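**Q** Below are the structure tokens for one structure; questions will follow.
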Amino acid sequence: MSAKGLYTPEILAAATGLSAWPWDEGLPLRGNARSRSCGSSIALALGTDDAGAIRAIGIRPHACAVGQAAAQVFARSATGKAADDLKQARQQIAAWLAGDPAAPDWPGISLLDNARAYPARHAAILLAWDAAIDALENRQE
């Protein structure tokens, strides 16, 4: 398959949108995720409320445009979500990427529809969810 169908103007625009969530050393929780298939990685700094739901996000991406676009999709809707919410969403997204026709319950995920045909990019798409779960479950500070 041609990468032309993968790197659409919408994907590239979303990838540049990560500047809305700059890295913030003041956020106490840290999570990291790395794709074994392409080497992309995402580091997240998170702040949570008293119930453990995300209230603030900082992102340090070292990912392809698809991974960065997925991180932007994640960040736009992650506020207010707790670890269990993210695990459920990650499971739905992974199933969708693997061919399940049911769309995941995550706003904006349809942006990544073309990437479903590129299995080598699936792990990069899941990076932000994996890094957030890592931060929330392991309480890395």
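**Q** Of the options Ile54, Cys38, Gly80, report the single residue whose Cα projects farthest towards the positive end of the charge dipole of the range 29-116 (beta-carbon charges: Lys, Arg +1; Asp, Glu -1).
**A** Of the listed residues, the answer is Cys38.
**Q** Let me ask you something else. For the pair Gln91/Ser110, report the inter-label distance in nm, with labels modelled 7 Å from Cα in the Cβ direction.
**A** 2.5
**Q** Now a separate question. From the Cα gyration tensor of the range 94-133, with a ≥ b ≥ c the square roots of its eigenvalues, which class applies: rounded if a/c is under 1.5, or else prolate if a/b is larger than b/c, or else oblate?
**A** Oblate, because a/c is 1.5 or more while a/b does not exceed b/c.
**Q** Moving on to the next point. With r as the distance between the Cβ atoms of Glu137 and Glu10 and R0 = 41 Å, compute the FRET efficiency 1/(1 + (r/R0)^6) and round to 0.05.
**A** Values: r = 32 Å, r/R0 = 0.77.
Approximately 0.80, to the nearest 0.05.
**Q** Tabulate in residue order the Karplus-calculated ³J(HN,Hα) for the range 95-104, using 6.51 cos²θ - 1.76 cosθ + 1.60 with θ = phi - 60°, rounded to whole Hz; enter x for Gly and Pro.
**A** 5, 4, 4, 7, x, 5, x, 6, 5, x
**Q** Measure off, as a whole percent, the carbon and sulfur share of the 1.4 Å-probe accessible area of the range 6-141, all protein chains present.
**A** 48
**Q** Next question. Taking the alpha-carbon centroid of each part, what is the distance from the range 50-65 to the range 82-141 in angstrom?
**A** The range 50-65 and the range 82-141 have Cα centres spaced 13 Å from each other.
**Q** Taking 22 Å as R0, compute the FRET efficiency from the Cβ-Cβ separation of Trp23 and Ala82 and round it to 0.05.
**A** Numbers: r = 22 Å, r/R0 = 1.01.
Using R0 = 22 Å, I get an efficiency of 0.50.
**Q** With charges only on Cβ, +1 for K and R and -1 for D and E, what is the dipole size of the chain about its Cα centre, in debye, rounded to 20?
**A** Dipole about the Cα centre, nearest 20: 460 debye.
**Q** To continue, here is another question. Using a Gaussian network model of the chain whose springs link C-alpha atoms within less than 10 Å, name the residue from Ile57, Ile42, Ile109 with the highest mean-square fluctuation.
**A** Of Ile57, Ile42, Ile109, the Gaussian network model singles out Ile109 as fluctuating most.
**Q** Another question, if that's okay. Over the chain, give the accessible area per residue in Å² for a 1.4 Å probe, as an integer.
**A** Using a 1.4 Å probe on heavy atoms only, each residue of the chain averages 48 Å².
**Q** Computed over the Cα atoms, what is the radius of gyration of the chain divided by 2.2 N^0.38 Å, N being its residue count?
**A** Working: Rg = 14.0 Å, N = 141, 2.2 N^0.38 = 14.4 Å.
Relative to the 2.2 N^0.38 Å estimate, the chain comes out at 0.97.
**Q** Sort the range 68-129 into rounded, prolate or oblate with this rule: let a ≥ b ≥ c be the square roots of the eigenvalues of the Cα gyration tensor; rounded if a/c is under 1.5, and if a/c is not under 1.5, prolate when a/b is larger than b/c, oblate otherwise.
**A** prolate
The values are calculated or read from the model by the stated rules, or taken from the named source; none is laboratory data. Source: prediction; values computed, not measured. Please note: Cβ atoms are built from the backbone with ideal geometry, for glycine as well, and neighbour counts cover all protein chains shown. Note: areas computed on protein heavy atoms with side chains; ligands, DNA, RNA excluded. Shrake-Rupley method; radii C 1.70, N 1.55, O 1.52, S 1.80 Å.
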